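Undergrad: If you scroll down you'll find the structure; I have some questions about it.
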Amino acid sequence: MTGGIACVFAHPDDETFAVGGTLAYYSAAGFRCDLFCATDGDAGRSSGVPVSSRAELAALRRKELRSAATTLGIEVVVMGGLGDGTLHQIDPTPLIGEIVRFLRQRRPAIVMTFGPEGAPNAHRDHRAISRATTAAFFLAGIPTEYSDQLPAGLEPHCASRLFYVAWQPPPPEAELRAQSLAATAAIPIARWHERKLAAFMAHETQHDHVERFKTLGLSDVEYFALAAGTPQPQPMIADLFDGLAT
Ligand SMILES: [Zn+2]
């Protein structure tokens, strides 16, 4: 089956914070939603949850992510297994290859990731996953790229649209003042707040950030900016699939 949404992010909880309402909405509407998460989030703190090593934190965060994914209706979660905080330092070629493989396997219509600015906190992993996903969006459709994947039964895949996470320009007094690309899509998520908050609460090691989540994550709308692919029928759309043949 083709035609769903594939998200590519850097850390467990990015999917909830950035696009959790949108995923809850589309999965409930019957669209398949899948996630590639590049790292285990093993460099963060654990909000008082007792953890004795990075490996233990990684295992815990993978488990939390599976629980959050279930809450949001995400069907498949693929873990990249890379070190938290390392994405900007590594050779991006293998990471791009793993995202290409993910797109060829899941065959989405829509791909979403952070913008090149790296989300409001401009995290270096967020910036790196944006670059890698942008490359993979195009390369997945070219048969001579990562061609070693094809004998295993995979086919090249051209997704219809690549969207970056976007947001409205913050007020001058905002804690995080970074701006995104101008939004071209606005998905109303107010009726999905409960689900989005439940997904965040599944990330138990991140509970120290719950107030920030409630302030920044529970807006009425999640915004996106069309980065590549099929042009939108209007400059601003309220459905990421608007104008695509489904
Ligand atoms: Zn993150």
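Undergrad: Dipole of the range 154-246, Cα-centred, from +1 at each Lys and Arg C-beta and -1 at each Asp and Glu C-beta, to the nearest 20 debye? Mind dumping the intermediate values first?
TA: Details: 7 positive and 11 negative charges, 21 e Å.
That gives a dipole near 100 debye.
Undergrad: With label points built 7 Å along Cα→Cβ from the Cα atoms of residue 56 and residue 242, find their separation and express it in nm.
TA: Rounded to a tenth, the inter-label distance reads 5.0 nm.
Undergrad: A further question on this structure: Let a ≥ b ≥ c be the square roots of the eigenvalues of the Cα gyration tensor of the range 175-220; is it rounded (a/c under 1.5), or, if not, prolate (a/b larger than b/c) or oblate?
TA: Numbers: a/c = 2.63, a/b = 1.35, b/c = 1.95.
In terms of gyration-tensor shape, oblate.
Undergrad: Collect residues whose amide H, placed 1.01 Å from N in the peptide plane, falls under 5 Å from the amide H of residue 227; neighbours closer than 5 in sequence don't count.
TA: Sorted by chain and number, the residues that satisfy this are 162, 163, 164.
Undergrad: Using each residue's phi in the range 74-81, evaluate 6.51 cos²θ - 1.76 cosθ + 1.60 at θ = phi - 60° and report the 3J(HN,Hα) Karplus result to the nearest Hz, with x for Gly and Pro.
TA: Once θ is set to phi - 60°, the couplings for the range 74-81 become 6, 7, 10, 10, 10, 9, x, x Hz.
Undergrad: Same structure again: Which ³J(HN,Hα) values, rounded to whole Hz and listed in residue order, are derived for the range 109-115 from phi using the Karplus coefficients 6.51, -1.76 and 1.60 in 6.51 cos²θ - 1.76 cosθ + 1.60 with θ = phi - 60°, glycine and proline given as x?
TA: Couplings: 7, 10, 10, 9, 7, 5, x Hz.
Undergrad: Could you run the Karplus curve 6.51 cos²θ - 1.76 cosθ + 1.60 with θ = phi - 60° over the range 209-224 and give me ³J(HN,Hα) per residue in whole Hz, x for Gly and Pro?
TA: 9, 5, 5, 4, 4, 5, 6, 9, x, 9, 6, 6, 9, 9, 9, 9
Undergrad: I'd like the FRET efficiency for residue 194 and residue 144, computed as 1/(1 + (r/R0)^6) with the beta carbon distance as r and R0 of 51 Å, rounded to 0.05.
TA: Details: r = 47 Å, r/R0 = 0.92.
So the FRET efficiency works out to roughly 0.65.
Undergrad: Okay, moving on. Checking the a/c ratio against 1.5 first, then a/b against b/c, what shape does the Cα gyration tensor give for the range 52-129?
TA: Judged from the Cα gyration tensor, the range 52-129 comes out rounded (a/c under 1.5).
Undergrad: Hey, what did the chain get for relative contact order, percent, Cα under 8 Å, at least 6 apart? Each step should come with its number before you reach the end.
TA: Details: 495 pairs, mean separation 59.8, N = 246.
That works out to 24 percent.
Undergrad: Share of the range 137-246's accessible area from carbon and sulfur, percent, 1.4 Å? Intermediate results must be reported in sequence, preceding the final value.
TA: On the way: 3290 of 6060 Å².
For the range 137-246, the apolar C and S fraction of the accessible surface comes to 54 percent.
Undergrad: According to the square roots a ≥ b ≥ c of the eigenvalues of the Cα gyration tensor, what is the shape class of the range 91-246, taking rounded for a/c under 1.5, prolate for a/b larger than b/c otherwise, and oblate for the remainder? Intermediate values should be presented prior to the final figure.
TA: Working: a/c = 1.87, a/b = 1.54, b/c = 1.22.
The shape class here is prolate.
Undergrad: Measuring with a 1.4 Å probe in the full set of protein chains, what accessible area per residue, in whole Å², belongs to the range 1-103? Show your work: numbers first, answer last.
TA: Working: 3920 Å² over 103 residues.
Result: 38 Å² per residue.
Undergrad: Looking only at trypsin sites (Lys or Arg not before Pro) in DSSP loops with at most 12 other Cβ atoms within 10 Å, what is the longest site-free stretch of the chain?
TA: Details: sites that count: 45, 177.
Value returned for the longest uninterrupted segment is 46-176.
Undergrad: Quick one: which residues, 5 or more positions from residue 36 or on another chain, have an amide H under 5 Å from its amide H? H modelled 1.01 Å from N in the peptide plane, none for Pro or chain starts.
TA: Here 7, 8, 9, 78 satisfy the definition.
The values are calculated or read from the model by the stated rules, or taken from the named source; none is laboratory data. Please read these numbers as outputs of a predicted model, since none were measured by experiment. Using ideal geometry, Cβ is built from the backbone for each residue, glycine included, and neighbour counts are taken over all protein chains shown. What goes into the accessible areas is simple: the full protein's heavy atoms, side chains included, and nothing from ligands, DNA or RNA. Shrake-Rupley method; radii C 1.70, N 1.55, O 1.52, S 1.80 Å.
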